[in-house]
Amino acid sequence: MKTIHVQYFAILREQRGLTQEKIATTAATAADFYAELRARHNFTLAPEHLRVAVNEEFAPWTTPLREGDSLVFIPPVAGG
Amino acid sequence: MFRLSAQPLDPAQLAHLLHDPRAGACVTFEGWVRNRNEGQAVQALDYEAYAPLAEREGERILAEVRAKLPVLEATCVHRVGSLALGDLAVWVGVTAEHRGAAFDACRMIIDEVKARVPIWKKEHYTSGTTAWINCATRGPAADLSSPPK
């Protein structure tokens with residue numbers, strides 16, 4: 001088990017009903033962790049439509065999770 | 001400089017930051033909140049950003065453009081928060097010795113910012129519905145519009 005800090009933005013924030021939380025997980029990678037959260041909270045966005053940031057930097061979905069990591073799942077952006 | 005602003009943007013003040021006696025060209029771009037999108041009448045917008053990464057990615061875009069084109073200064077400021085029709089949502093300003101690089105750099109910056117920087121836009125329609133732009137996916141479970149109030 002490791003504890004991961006997650007921040008939610010935009011549609012994920014609304015679907016989760018929270019801006020952030022700490023979660024204890026056995027997920028090995030960022031991809032596994034999103035799959036776990038998606039199943040639990042019925043997130044509509046498939047991982048193909050998201051990017052992931054680990055500790056405030058874009059990272060591959062295959063990034064192994066470490067105790068205390070901060071994750072953000074990034075929905076399709078729409079600035080401008 | 002790339003930054004996010006929760007306060008209204010003042011183009012004259014921003015352009016003043018670009019003044020440079022070496023510059024022969026200054027190109028600016030203003031993105032405004034428009035009253036229609038994809039056939040729907042828009043009433044207002046909310047912008048939300050993942051600030052630390054948005055600012056880092058924005059700075060990377062400016063550095064990439066500087067590496068490709070002979071610009072003197074390049075700045076972009078993006079609003080976050082609630083915006084009304086006609087509000088200035090994003091401002092880009094570029095100076096260069098000559099106009100070609102200034103036009104090209106300004107276009108490159110706004111295109112890359114829209115494509116890469118973690119900023120999200122929620123549109124509020126006059127019909128009472130809302131939508132997170134670009135977040136719609138196929139299938140009934142993915143109807144992201146909220147019902148009319």
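The values are calculated or read from the model by the stated rules, or taken from the named source; none is laboratory data. A quick note: this is a predicted structure, and the numbers were derived from the prediction, not measured. Neighbour counts are summed over all protein chains in view; Cβ atoms, including those assigned to glycine, are modelled from backbone coordinates with ideal geometry. For the accessible areas, the whole protein counts, side chains as well, though only heavy atoms, and no ligand, DNA or RNA atoms are used. Shrake-Rupley method; radii C 1.70, N 1.55, O 1.52, S 1.80 Å.
Can you pull out the residues in the stretch A:25-80 that are part of a loop (DSSP other than H, G, I, E, B), closer than 25 Å to B:ALA115 by Cα and more than 7 Å from chain B (Cβ to nearest Cβ)?
Passing the criteria: A:PHE43, A:LEU50, A:ASN55, A:PRO60, A:TRP61, A:THR62, A:THR63.
Select from the stretch B:9-23 the residues that are surrounded by 13 or more Cβ atoms within 10 Å (Cβ to Cβ) and within 16 Å of B:LEU69 (Cβ to Cβ) and list them in ascending order.
Within the stretch B:9-23, B:LEU18, B:ASP20, B:ALA23 meet the criteria.
If we scan the stretch A:44-53, do we find a residue that is more than 27 Å from B:ARG79 (Cβ to Cβ) and either touching a helix residue (DSSP H, G or I) at 6+ places or on another chain (Cβ under 7 Å) or surrounded by 17 or more Cβ atoms within 10 Å (Cβ to Cβ) (or both)? Break it down stepwise before answering.
Residues of the stretch A:44-53 more than 27 Å from B:ARG79 (Cβ to Cβ): A:46-48.
Applying the additional criterion that residues be either touching a helix residue (DSSP H, G or I) at 6+ places or on another chain (Cβ under 7 Å) or surrounded by 17 or more Cβ atoms within 10 Å (Cβ to Cβ) (or both) yields A:47.
Yes, the stretch A:44-53 has at least one match.
B:LEU69: of a type outside the set (Lys, Arg) and away from chain A (no Cβ under 14 Å), yes or no?
Details: of a type outside the set (Lys, Arg): yes; away from chain A (no Cβ under 14 Å): yes.
Judged against the criteria, B:LEU69 is a match.
Just give me the residues in the stretch B:23-65 being farther than 27 Å from B:GLY128 by Cα, more than 14 Å from chain A (Cβ to nearest Cβ) and free of Cβ contacts under 8 Å to residues at least 24 places away in the same chain, in sequence order.
Of everything in the stretch B:23-65, just one residue is farther than 27 Å from B:GLY128 by Cα, more than 14 Å from chain A (Cβ to nearest Cβ) and free of Cβ contacts under 8 Å to residues at least 24 places away in the same chain, namely B:ALA63.
For residues that are in contact (Cβ under 8 Å) with a residue 24 or more places away in the chain and loosely packed, with under 15 Cβ neighbours inside 10 Å, scanning just the stretch A:1-24, find the one that is farthest from B:PRO118 (Cα to Cα).
Filtering first and then ranking leaves A:MET1.
Check B:ALA131, B:ALA89 and return the single one that is within 11 Å of another protein chain (Cβ to nearest Cβ), in contact with an Asp or Glu (Cβ under 7 Å, 6 or more places away or on another chain), more than 22 Å from A:ALA53 (Cα to Cα) and surrounded by 15 or more Cβ atoms within 10 Å (Cβ to Cβ).
B:ALA131
Has the stretch B:26-33 got at least one residue that is at pLDDT below 95 and either out of contact with any strand residue (DSSP E or B) (no Cβ under 9 Å at 6 or more places or on another chain) or open to solvent by less than 70 Å² (accessible area, probe 1.4 Å) (or both)?
No, the conditions are met nowhere in the stretch B:26-33.
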